[in-house]
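The structure appears below as structure tokens.
The values are calculated or read from the model by the stated rules, or taken from the named source; none is laboratory data. Note that the structure is predicted; figures quoted are calculated from it, not measured. Please note: Cβ atoms are built from the backbone with ideal geometry, for glycine as well, and neighbour counts cover all protein chains shown.
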Amino acid sequence: MTDDSASPVHTIASGIATLNRRFDPAPLPDANAPVFVLASAWRSGSTLVQRLLVSSSQLLMWGEPYDHCSLIRRLADSLSPFDDRWPPDPYIVDPDDPPSADKWIANAYPDPHYLLGAHRAFFDRLFTDAATEAGYTRWGLKGVRLNGEHARYLKLIYPDARFVFLHRNPYDAFLSYRLLHDIRSHSYWWYHRWPDEQVETAGHFGEIWTRLTGSFLDVVDDVDGTVIAYEDIVRGAGVDRLERATGITIDRDILAKRVGGTGQQRGQWDGVDRTLRAEEIGQLQASAGRLARSLGYVGPSEGS
């Protein structure tokens, strides 16, 4: 026997599906194919991919813009309440029968088409206009906290968007994350969600890697995206796929260059044990091992 009174599970995906089914909003126009690079965790190569893409001089790739604000996540989450009962149909204003003083108007909502258009206008003003003023014809952004549901949302807002889902060996990625924290005296553990979710352990890192990577694999076909391994990018084998996925011609010389980051801090590595600890390996095996193995990652890479 089922409990019809049970509350429905609300997700971004369910909200989008219901909104489309109930209200059938007109598709938003194309936008010169913005590029979204979503990585499965920190230290997974998103900055390298960002640099490769901007090497074309056509595309401005924003880097984790206003990360603590969670702009994309918060706006995407705002669509999750849509279900079969909310908002009630009578609340949606018919433009041929607008509110007036002699009608009940306590709840009067613009059509969801305007809601989606308002989401688009926010991002256009923040990202498109700023890129245009900087002299670029296209824009994109990279993020390390966004999942597959956020990709669905971005595809709704930008129908011609291009998506690249980037993953790296989680053992290597966490080691790089922890070492970068250890050698920077001013560094704090980074936030997956600000202000109350800092990532301090291998287990927590592995959980995030698993959630994000798994969500990418779930949605890649639905958003016409491309999954690329960081390791393939470094070897050069993934650069052709990156070009096809984004429509950008890449300067391959960028692969031989290092700009900023740990590449300018080699002296700080002196005396530092650059290997994973046994307890860290165990935590990563427990939190990410199964999915990692399915992608060919069975443990730390040699020399990592």
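Free of Cβ contacts under 8 Å to residues at least 40 places away in the same chain and outside any loop (DSSP other than H, G, I, E, B), is that true of ARG85?
Details: free of Cβ contacts under 8 Å to residues at least 40 places away in the same chain: yes; outside any loop (DSSP other than H, G, I, E, B): no.
No.
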Inset, instruction - Identify the residue in the stretch 181-198 that is in contact with a helix residue (DSSP H, G or I) (Cβ under 6 Å, 6 or more places away or on another chain) and touching a residue at least 24 places away in the same chain (Cβ under 8 Å) and, among all such residues, is farthest from ARG277 (Cα to Cα). - result: TRP194
Inset, instruction - Could you tell me whether the stretch 88-102 includes any residue that is more than 29 Å from ASP240 (Cα to Cα) and surrounded by 15 or more Cβ atoms within 10 Å (Cβ to Cβ)? - result: yes
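Among the residues of the stretch 185-211, what is the count of those that are of a type in the set (Lys, Arg) and more than 20 Å from ALA292 (Cα to Cα)? Steps first, answer last, please.
Of the stretch 185-211, the ones of a type in the set (Lys, Arg) are 193, 211.
From what's left, more than 20 Å from ALA292 (Cα to Cα): 193.
So the answer is 1.
Please enumerate the residues belonging to the stretch 279-304 that are part of a loop (DSSP other than H, G, I, E, B) and buried (at least 19 other Cβ atoms within 10 Å of the Cβ). Lay out the reasoning, then the answer.
Narrowing the stretch 279-304 to residues part of a loop (DSSP other than H, G, I, E, B): 295-304.
Scanning the stretch 279-304 gives a single hit, TYR297.
Test LEU212 against the criterion of being at pLDDT below 95, in a helix (DSSP H, G or I), crowded, with 16+ Cβ neighbours inside 10 Å and touching a Ser or Thr at 6+ places or on another chain (Cβ under 7 Å), and give yes or no. Break it down into steps so the answer makes sense when it comes.
Numbers: at pLDDT below 95: no; in a helix (DSSP H, G or I): yes; crowded, with 16+ Cβ neighbours inside 10 Å: yes; touching a Ser or Thr at 6+ places or on another chain (Cβ under 7 Å): yes.
No.
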